[in-house]
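Here the structure comes first, spelled out in structure tokens, and everything after it is commentary.
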Ligand SMILES: [Zn+2]
């Protein structure tokens, strides 16, 4: 399987994450990519190709144009205020506030456009995010000629909604892939999100549509980020009713439990008969992940790949989370090797 990868992801190199009341080094860090690349190379997964130049106008088809312009200007506006640290919001249009007005001041804008403030904006953050978009667009455009591809995106994307960032995500890479496939004439796409966290951004973007079926297997939001979306009763709206399915799962579950949700999702994929399958590939379901609570073991990831392959569809894997960084390469490549029919 070919991998598309841009070393320029490093432009997103924020130094601070607000976690547990402290500013720590972000879990979502550039080194994650090194471990994955090493494993791709040492186990001969396939060629690693650079992204091609792409027209990025599509970003404003998936995301609100004011949001995109905000992201492009946020760091400069923050610096202009003389702040010393990275851009982190401190106030939100929360339930008792006016959530419609967009303030002029950068602090207000950050609160308006941010859904979770572990994600700092620093110089280059958005340039890094655009590299992820180039990676996913290049991979999507190659899907016509390949059975499967791996878009090794960083930063991840599935928490970014039409006009909000957070959960380390700025642009929703997998939603942009789906949009590109529609531009090229596709009629039905299935997005399966197997990251530990609910793909709230992807769900929100496609919630009213029947031409994208979204399924997510994740930590129960009563117990896990993003807390305010990802419940089992969210089934789509309007034309999209019946085309969204969430599998919130309890803390501590092993693969034998987790995979029952995967089996059910795979039945949904087969009966929906999409033209392509897009996988939000997070490996933070791993037992040693520092911010998650499932108990999947490294060998289990082969079986995940094998089951996804049973759908027999053009398949694009898009990298999302995974924070046990020493094992992130092993676990990611195990999914991809499992997809190709290997178990080692
Ligand atoms: Zn995650």
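What follows is calculated from the coordinates using simple rules that are stated; it is not laboratory data. Please read all numbers here as calculations on a predicted model, not as lab measurements. Positions of Cβ are backbone-derived with ideal geometry, glycine not excepted, and every protein chain shown enters the neighbour counts.
Explain nothing, just the number: relative contact order of the chain, from Cα pairs under 8 Å at least 6 residues apart, as a whole percent. All intermediate terms of the calculation are to be shown ahead of the outcome.
Numbers: 766 pairs, mean separation 63.4, N = 344.
Value for the chain: 18 percent.
How much of the DSSP beta bridge set in the chain is antiparallel, as a percent to the nearest 5? Display every interim value, and only then the final one.
Details: 5 of 37 bridges.
Once the DSSP bridges in the chain are tallied, antiparallel ones form about 15 percent.
Report the equivalent ellipsoid semi-axes for region 83-131 in whole Å, largest first, defined as the square roots of five times the eigenvalues of the gyration tensor built from alpha carbon atoms. Numbers along the way, then the final one.
Details: eigenvalues 95, 27, 20 Å².
The three semi-axes for region 83-131 are 22, 12, 10 Å.
Given the C-alpha atoms of the chain, compute the convex hull and give its volume per residue in Å³. If you can, show how the numbers build up before the last one.
Values: hull volume 43.6 nm³, N = 344.
Expressed per residue, the convex hull around the Cα atoms of the chain is 127 Å³.
Rounded to the nearest whole Å³, what is the per residue volume of the convex hull around the Cα atoms of region 1-91? Each step should come with its number before you reach the end.
Details: hull volume 14.5 nm³, N = 91.
In region 1-91, the Cα hull volume divided by residue count equals 159 Å³.
Rounded if a/c is under 1.5, else prolate if a/b beats b/c, else oblate: with a ≥ b ≥ c from the C-alpha gyration tensor eigenvalues square-rooted, which is region 303-343?
Details: a/c = 3.03, a/b = 1.68, b/c = 1.80.
Oblate.
In whole percent, what relative contact order does region 113-177 give with Cα contacts below 8 Å and a gap of six or more residues? Let's see the in-between values first.
Numbers: 98 pairs, mean separation 26.3, N = 65.
41 percent.
Hey, what D do you get for region 100-158 in µm²/s if you plug the Kirkwood alpha-carbon radius into Stokes-Einstein at 20 °C and 1.002 mPa s? Write down the numbers at each step before the final one.
Working: Rh = 13.9 Å.
Translational D for this selection: 154 µm²/s.
Using only alpha carbon pairs under 8 Å that are at least six residues apart, calculate the relative contact order of region 21-168 and give it in whole percent. If you can, show how the numbers build up before the last one.
On the way: 135 pairs, mean separation 40.8, N = 148.
Across region 21-168, relative contact order equals 28 percent.
Which three extents, in whole angstrom, do the alpha-carbon atoms of region 110-222 cover along their principal axes, largest first?
40, 33, 22
Taking the 0 to 90 degree range and rounding to the nearest ten, how far is the long axis of helix 300-309 tilted relative to the main principal axis of the chain, both from C-alpha atoms?
Value to nearest ten degrees: 80.
Would you mind checking the tilt of helix 325-339 against the longest principal axis of the Cα atoms of the chain, expressed as 0 to 90 degrees and rounded to 10?
On a 0 to 90 degree scale, this one is about 40.
Would you calculate a helix-derived [θ] at 222 nm for the chain, using -39,500 (n - 2.57) for each DSSP H run of n ≥ 4 and dividing by the full residue count, to the nearest 500?
Details: 10 runs with 119 residues, N = 344.
So the helix-based figure for the chain works out to -10500 deg cm²/dmol.
Give me Rg/Rg_expected for region 163-250, where Rg uses Cα atoms only and Rg_expected = 2.2 N^0.38 Å with N residues.
Numbers: Rg = 12.6 Å, N = 88, 2.2 N^0.38 = 12.1 Å.
Working it through for region 163-250, the quotient is 1.04.
Give the percent of DSSP beta bridges with both residues in region 1-159 that are antiparallel, rounded to the nearest 5. Mind dumping the intermediate values first?
Details: 4 of 9 bridges.
Roughly 45 percent of the DSSP beta bridges within region 1-159 come out antiparallel.
Highest mean first, what order results for 63-74, 264-275, 333-344, 121-132 on Cβ atoms within 10 Å?
121-132, 333-344, 63-74, 264-275
Can you give the Rg to Rh ratio for region 138-191, taking only C-alpha atoms and Rh from Kirkwood?
Values: Rg = 11.9 Å, Rh = 12.0 Å.
Expressed as Rg/Rh, it is 0.99.
What would the Debye equation give as log₁₀ I(q)/I(0) for region 182-228 at q = 0.18, 0.23, 0.32 Å⁻¹, counting only Cα atoms as equal point scatterers?
The computed values of log10 I(q)/I(0) come out as -0.58, -0.81, -1.18.
Report, largest value first, the span of the C-alpha coordinates of region 187-344 along each principal axis, in whole Å.
Between the extreme Cα coordinates on each principal axis of region 187-344 lie 43, 34, 23 Å.
Which angle between 0 and 90 degrees, to the nearest 10, do you get for helix 173-183 versus the longest principal axis of the chain when only C-alpha atoms count?
Tilt relative to the chain: about 70 degrees.
Per 10 Å bin from zero, what fraction in whole % of the C-alpha pairs of region 32-176 is there, up to the bin with the longest pair?
11, 37, 30, 15, 6, 0
Expressed as a whole number of Å, what is the distance separating the alpha-carbon centroids of region 230-291 and region 31-95?
Region 31-95 and region 230-291 have Cα centres spaced 25 Å from each other.
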